[in-house]
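Working notes for the structure below.
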Amino acid sequence: MMITRRRFGTAVIAVALGLSAAGCSATATAGQDETKAIKQVRFMVPNAPGSGWDTTARTTARVLEKSGIVNSTEVFNVDGANGTVGLARLASEKGNGNLIMQMGLGLVGSTVTLNSEVTLKDATPLAKTMEDLEVVFVKADSPFNTIDDLVSAWKADPHGTPIAGGSSPGGADHLVPMLMAKEIGISSKDVGYTSLGGSGVLPAVLGGQVDFAVTGAGDVVEQVKAGKVRALAVSGEKRLDELANVPTLKESGIDVTVTNWRGIVAPPGISDAQKDQLITMLDTMHASGEWQEALDTNGWVDAYVSGDDFASLITEQETAVRTLMAELGS
C-alpha cells in the first residue's frame, strides 16, 4: 500500500492520501457469505438532505441493497454544528453494530475548528469509500470566463468577492479558496467565504449571492453539462474526465491541489466480530459492479481503504488539518 507525499509548508496539500484500492481485506465471495447475517443497516447522515454526504450515503445504501449485500437500509439525517451533532449521537450509541455514519474530510475539519469535545476517536473507523475533486465554478452568465478572470477580479477587490462552499472551516470546500488566496497573495483575513451546507451552494451561485463557489464535482457536474453554471478549474492533479475541457488549478498557475474524501464510521464499543462484519460488508460493496457504476455515474475517484489503514488515515488527516489551519491563520 503506497501513501503519497503531502506538503503542508506550501500552498499545496494532497488532503486525501493516495491509498490504493488494494486495501480491501476480504474477497467478494467470502464477504458475501459473511455479510448475510446483516439484515438491516441504519445509516446516519450528520448534515442536511441534499448535501454531498447525504448523496453519498443514499447512493451507498442503494448499492448495498441492489447488490444483495444487505436486505434493507434506513438513511436518516441528524443535522447540526457541521456534523458534530451527528457525531455526538453516534458516540452515544455505544455497541450498536447495526448503525453506521457517513462522514469525510469536512467532519475532521469540524472537530478541529470547533474544538469539539466529541471527536472521531469516539467512533469506530470502517472504510474510506471514495474521493471527489473540488470544482471552482460561477453562474453561466458570470463575467468570469476563465480562472484568470476570476483571480484578477478577486485580487483587485478581495472584500467585494463573496465565496460560497458547503464545508465548514477545515473542509475541502473551505480549504480550496483559502489555499488559492494564499497562493495568489490575498490575506486569509480578506477571504469572504461563507459555508452554506451542500444543498445551499448551487442556489447561492444561481441567485447571484456569491461571485464564485467551490464544491465537490459530483454535486455540480450535471449543472455544468446543462449550461447552468460554468466550471473554471478543478482541484486535482489531473483533469476530471467528465469535465475534460476544464483545467486544474495547477495548470492555471495556482499551485493548489485538494482532493476531498468520504468514508463511513460506526459507534464506539462494537465487538471485533461486529466491526469485521461491517468492514466485510463495505469491502464486498466496493468489489461489486454496482459500486463501480456508482463511481462512474457520480464522477467519484475509486480510492477505497478499510480497517486499520482507514483509522490511520483519519489520524493523519486530523494532524494535516490542524497544521494547515494554523498556517492559514484560521
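The values are calculated or read from the model by the stated rules, or taken from the named source; none is laboratory data. Here the structure is a predicted model, which means the values were calculated and not measured. Because the Cβ atoms are built from the backbone with ideal geometry, glycine has one as well, and the counts that use them run over all protein chains shown. Side chains included, ligands, DNA and RNA excluded: accessible areas come from the protein's heavy atoms. Shrake-Rupley method; radii C 1.70, N 1.55, O 1.52, S 1.80 Å.
Element breakdown for the range 219-330 at a 1.4 angstrom probe: carbon and sulfur atoms account for 44% of the accessible area.
Near residue 221: Cβ cut-off under 15 Å, other residues only, Lys/Arg at +1 and Asp/Glu at -1. The net charge is -4.
Taken one residue at a time, the phi angles of the range 276-282 give Karplus couplings (6.51, -1.76, 1.60, θ = phi - 60°) of 4, 5, 5, 5, 4, 4, 6 Hz. Gly and Pro are set to x. Against the criterion of solvent-accessible heavy-atom surface with a 1.4 angstrom probe, 304, 193 sort, most first, into 193, 304. Per residue, the chain exposes 39 Å² of solvent-accessible protein surface, assessed with a 1.4 angstrom probe and all protein chains in place.
What percent do you get for the relative contact order of the chain when only Cα pairs under 8 Å and 6+ apart count?
Working: 723 pairs, mean separation 99.2, N = 330.
For the chain, the relative contact order is 30 percent.
Taking the C-alpha atoms only, the angle from helix 308-328 to the longest principal axis of the chain is near 20 degrees.
Under Stokes-Einstein, with the Kirkwood radius over Cα pairs standing in for Rh, what whole-number D in µm²/s applies to the range 278-330 at 20 °C and 1.002 mPa s? Estimated diffusion coefficient is 161 µm²/s. Rounded to the nearest 20 debye, the dipole magnitude of the chain is 300 debye, with +1 charges on Lys and Arg beta carbons, -1 on Asp and Glu beta carbons, and the Cα centre as origin.
Give, as a single signed number, the net charge of other residues whose beta carbon lies under 12 Å from the beta carbon of residue 192, with Lys and Arg counted +1 and Asp and Glu -1.
Details: positive: 189; negative: 157, 190, 211.
So the environment of residue 192 carries a net charge of -2.
In the assembled protein chains, residue 228 presents an accessible area of approximately 110 Å² (probe radius 1.4 Å). Counting charges near residue 259 (Lys, Arg +1; Asp, Glu -1) among other residues having Cβ under 9 Å from its Cβ returns a value of -4.
A helix-only calculation puts the chain at -11500 deg cm²/dmol for mean residue ellipticity at 222 nm, using -39500 (n - 2.57) for each DSSP H run of at least four residues, averaged over all residues. Solvent-accessible surface (1.4 Å probe) assigned to residue 255 amounts to roughly 50 Å².
Once the Cα atoms are used to define both axes, helix 147-156 deviates from the longest principal axis of the chain by about 60 degrees. Highest average first, the peptides 40-52, 147-159 ordered by how many other beta carbon atoms sit within 10 Å of their residues are 40-52, 147-159. Excluding same-chain neighbours fewer than eight residues apart, the lysines reachable from residue 275 by a Cα-Cα span under 25 Å are 36, 39, 66, 94, 121, 128. The heavy atoms of residue 141 present about 110 square angstrom of accessible area, all protein chains included, probe 1.4 Å.
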